[in-house]
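Visitor: Starting off with a structure, shown below.
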2 protein chains.
Amino acid sequence: MAKLTIAEENYLKTIFLNVDSQQEDCLVNTNTLSQAMNTTAGSVTDMLKKLSEKELIHYIPYKGVNLTEKGKKMAIFTLRKQRLWEYFLVTHLKFSWDKVHEIAEQLEHIDSEELIEKLDEYLNYPEYDPHGDPIPNAKGEFPQRKTILLSDFPVNTYNKAIIAGVLTHNADFLKFLDRIGIHIGLEIQITEKIPFEDSMLIQWKNKEIIINRSITNNILVYKPENP
Amino acid sequence: MAKLTIAEENYLKTIFLNVDSQQEDCLVNTNTLSQAMNTTAGSVTDMLKKLSEKELIHYIPYKGVNLTEKGKKMAIFTLRKQRLWEYFLVTHLKFSWDKVHEIAEQLEHIDSEELIEKLDEYLNYPEYDPHGDPIPNAKGEFPQRKTILLSDFPVNTYNKAIIAGVLTHNADFLKFLDRIGIHIGLEIQITEKIPFEDSMLIQWKNKEIIINRSITNNILVYKPENP
DNA sequence: AAAGATTTTTAATTTAAATTAAAATATTTT
DNA sequence: AAAATATTTTAATTTAAATTAAAAATCTTT
C-alpha cells in the first residue's frame, strides 16, 4: 500500500464518509469537504488536485469528487484503523465514548499494517466500534446489519428496538445519552410518536422519556431477533 | 505542558539521551545530533535556534547544547511515552523486541497525557521496557537500579549476573541475542575472560558460549540479590 | 601562533499544507 | 435569458522542516 500523508488520509476518509451513504455515482463537492474538515475551499481544491494526480480520486472541477478503487481502499483502511483504536480505547483503557475521537484521529495515522492486524487479533476481531460504526475487516469488508434511524422507526407495526449506533460523535450529544442512560445494545420500547418536534416516547425498565428529532435523527436501531 | 511538534520532541529526546549519561554541565554538539538524527548539521542548527527561542535548551553557538529544566521535562515525557508503548507492543500485541522501535517512534508523538496515564495504569505501571530501559513515572522519576556493562563485570570477585538490558536497539543485534537465547532476566554465569577481542565465556543451564566485546559492550547486567 | 582541517552557521531553496483575496464558473431568481 | 447569488478555482503568501553549498568560527598540528 502506497504511503500517504496524514492530510491525504483525512481527505480520503472524509470523501468516503460523504459519498458512501448516497447513490452510485454521487459526487462530493468542495464546500462540503471544506466544512467537514474545518478548512477553506481553496485548501480543498489544492489537495483535490494532488489526490487526482495520484489517481486516488476522480475529480471534475466545479462538479465534485469521487473515490477511485485505490482511493476507496485507502479510505477504508483508515476507517479500520480509527475504529479499532476507538474500540481499544473504550474497552481496554476505559475511555468514555465521548472522549476517544481526538485520540483516535491521531492513532489512525500510525503507519504499520502489522500493528493493525495484531491489534485486531488482540481485540478479538470486533465488528462494531463504541459508537456502533462497523469496522471493516483486513480485506476491507464491512459487517452487514440492517439498521434504521430511530426517527424512521414504524411505531405502528412494531415497537421494540435495540440501539445500534449514533450518527454524530459530538461530545455533548454523547454525554447527554450517558446521562439519560441510552447506550449501544439497549433494548427500548417505542410507545408513541408525538407531532411536536417529531418527538417519540420511549421506555425501558422503569424509565420513560420523550426525545425529539434532534436526538432520534442521530440514533440508529435495529429490530430484536426474537420479538 | 506546551505542545511541541514531532521534530521538536525528537530533538529534545535525542539531546537528553546524549547528555544524560555524562557529567554535569556537558554539552552535546551539532554534529553528534546530526548523526544521531540522520540529518545535516545545517538542519540541526536551525532547530536549535527554535528550541532556544522557546527556552527548551541552553544553546551556545559553536559550543553545543544542554536541556533547560523545561526541556528536560518534555524529553523525559517523550521517553516515557516511547517506552510504555514498546512495553505494550511486546507484552500485549506480541511483537518481537527487534520490531517495536519504528512503531513506538510514531506512537510516542500521540498527543494526550490522559492516554499515557491510562495506558500506564492498564499495563500496571511497568518499570522497564522490553530492552531493559527504565520507564520514568508520571512525575518524571526513573526507577533506580545499579547495572554495569557485561564487559566490565569483575569475573574474579563474583561470577553470577542477571541480564538487565541492551544498549543498542539494532535489529540484527537483537535477533542475534534471540538466536543464542539471551533475554532480559536471564541469569548467567561468567566463567572466564579471554584476551582475544575481550571475549567472555558465559554459561547457563546446559549452554556455554563465547561472546566478544561487540556483544558484551552492549549488554547491561546486575548482580543477583541472593548470591 | 599561523596553516590546515574540521565543525558550525548562514543563506538560499524545496516541499507539504494552509490561508486569503481575487477571478472564474455555476446556479438560482426574476 | 439576464442578473444576482453561490461556489469553486487560481494565485500569491505563510509556516515548519529539510537540504545544500558557501562563509565563518574553532580546533589541531606543527
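The values are calculated or read from the model by the stated rules, or taken from the named source; none is laboratory data. Computed from a predicted structure; not experimentally measured. When we count neighbours, we look across all protein chains shown, and the Cβ atoms used for this are built from the backbone with ideal geometry, even at glycine. Heads up: the accessible areas ignore ligands, DNA and RNA and are worked out on the full protein's heavy atoms, side chains in. Shrake-Rupley method; radii C 1.70, N 1.55, O 1.52, S 1.80 Å.
Visitor: Please work out which residue is modelled with the highest pLDDT, limiting yourself to the range B:7-25 and to residues that are within 13 Å of DNA strand C (Cβ to nearest atom) and more than 14 Å from the chain's Cα centre (by Cα).
Guide: B:Tyr11
Visitor: Given the condition more than 17 Å from B:Val100 (Cα to Cα), open to solvent by less than 50 Å² (accessible area, probe 1.4 Å) and within 12 Å of another protein chain (Cβ to nearest Cβ), answer yes or no: does some residue in the range A:111-119 qualify? Give the steps one after another, and end with the answer.
Guide: Step one: of the range A:111-119, the residues more than 17 Å from B:Val100 (Cα to Cα) are none.
No - not one qualifying residue is present in the range A:111-119.
Visitor: While we're here: Would you please name the residue that is nearest to the other protein chains (Cβ to nearest Cβ), looking only at residues in the range A:59-75 that are more than 15 Å from DNA strand C (Cβ to nearest atom) and more than 14 Å from A:Asn18 (Cβ to Cβ)?
Guide: So the residue we want is A:Lys73.
Visitor: Just need a number here: residues in the range A:40-58 that are more than 6 Å from DNA strand C (Cβ to nearest atom) and over 14 Å from A:Leu12 (Cα atoms).
Guide: Qualifying residue count for the region: 1.
A quick yes/no check of all residues on (1) hydrophobic (A, V, I, L, M, F, W, C); (2) modelled with pLDDT of 95 or more; (3) under 12 Å from B:Trp97 (Cβ atoms); (4) under 24 Å from the mean Cα position of the chain (by Cα):
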position: B:Asn159; (1), (2), (3), (4): no, no, no, no
position: B:Val166; (1), (2), (3), (4): yes, yes, yes, yes
position: B:Leu186; (1), (2), (3), (4): yes, yes, no, yes
position: B:Gln189; (1), (2), (3), (4): no, no, no, no
position: B:Lys205; (1), (2), (3), (4): no, no, no, no
position: B:Glu208; (1), (2), (3), (4): no, no, no, no
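Visitor: Of everything in the range A:154-195, what is surrounded by 13 or more Cβ atoms within 10 Å (Cβ to Cβ) and hydroxyl-bearing (Ser, Thr, Tyr)? Give them in sequence order.
Guide: Within the range A:154-195, A:Thr168, A:Thr191 meet the criteria.
Visitor: Listed residues B:Phe153, B:Phe196, B:Phe173; which is closer than 20 Å to B:His131 by Cα, modelled with pLDDT under 95 and not polar (S, T, N, Q)?
Guide: When all the criteria are applied, what remains is B:Phe153.
Visitor: Separate question: So which residues in the range B:84-104 are surrounded by fewer than 18 Cβ atoms within 10 Å (Cβ to Cβ), at the interface with chain A (Cβ under 10 Å from one of its Cβ atoms) and part of a helix (DSSP H, G or I)?
Guide: B:Glu102
Visitor: Pairs please, first residue from the range B:29-42 and open to solvent by 40 Å² or more (accessible area, probe 1.4 Å), second anywhere and more than 11 Å from DNA strand D (Cβ to nearest atom) and of a type in the set (Lys, Arg), Cβ atoms under 6 Å, 6+ apart in sequence or on different chains.
Guide: From residues that are open to solvent by 40 Å² or more (accessible area, probe 1.4 Å), there are no pairs.
Visitor: Applying the selection to the range B:120-137, what residues are within 13 Å of chain A (Cβ to nearest Cβ) and surrounded by 18 or more Cβ atoms within 10 Å (Cβ to Cβ)?
Guide: B:Asp120
Visitor: A further question on this structure: Quick check, is B:Thr78 touching a Lys or Arg at 6+ places or on another chain (Cβ under 6 Å) and open to solvent by less than 50 Å² (accessible area, probe 1.4 Å)? It would help to see each step written out before you state the result.
Guide: Values: touching a Lys or Arg at 6+ places or on another chain (Cβ under 6 Å): yes; open to solvent by less than 50 Å² (accessible area, probe 1.4 Å): yes.
Answer is yes for this residue.
Visitor: Just one of A:Leu4, A:Leu93 is within 16 Å of DNA strand C (Cβ to nearest atom), under 22 Å from B:Asp111 (Cα atoms) and among the hydrophobic types (A, V, I, L, M, F, W, C); which is it?
Guide: A:Leu4
Visitor: Turning to a different aspect of this structure: Can you tell me how many residues within the range B:175-227 are on the phi > 0 side of the Ramachandran plot and touching a strand residue (DSSP E or B) at 6+ places or on another chain (Cβ under 8 Å)?
Guide: Of the residues in the range B:175-227, the ones on the phi > 0 side of the Ramachandran plot are B:181, B:185, B:197-198, B:205.
Still in the running and touching a strand residue (DSSP E or B) at 6+ places or on another chain (Cβ under 8 Å): B:181, B:185.
Qualifying residue count, the range B:175-227: 2.
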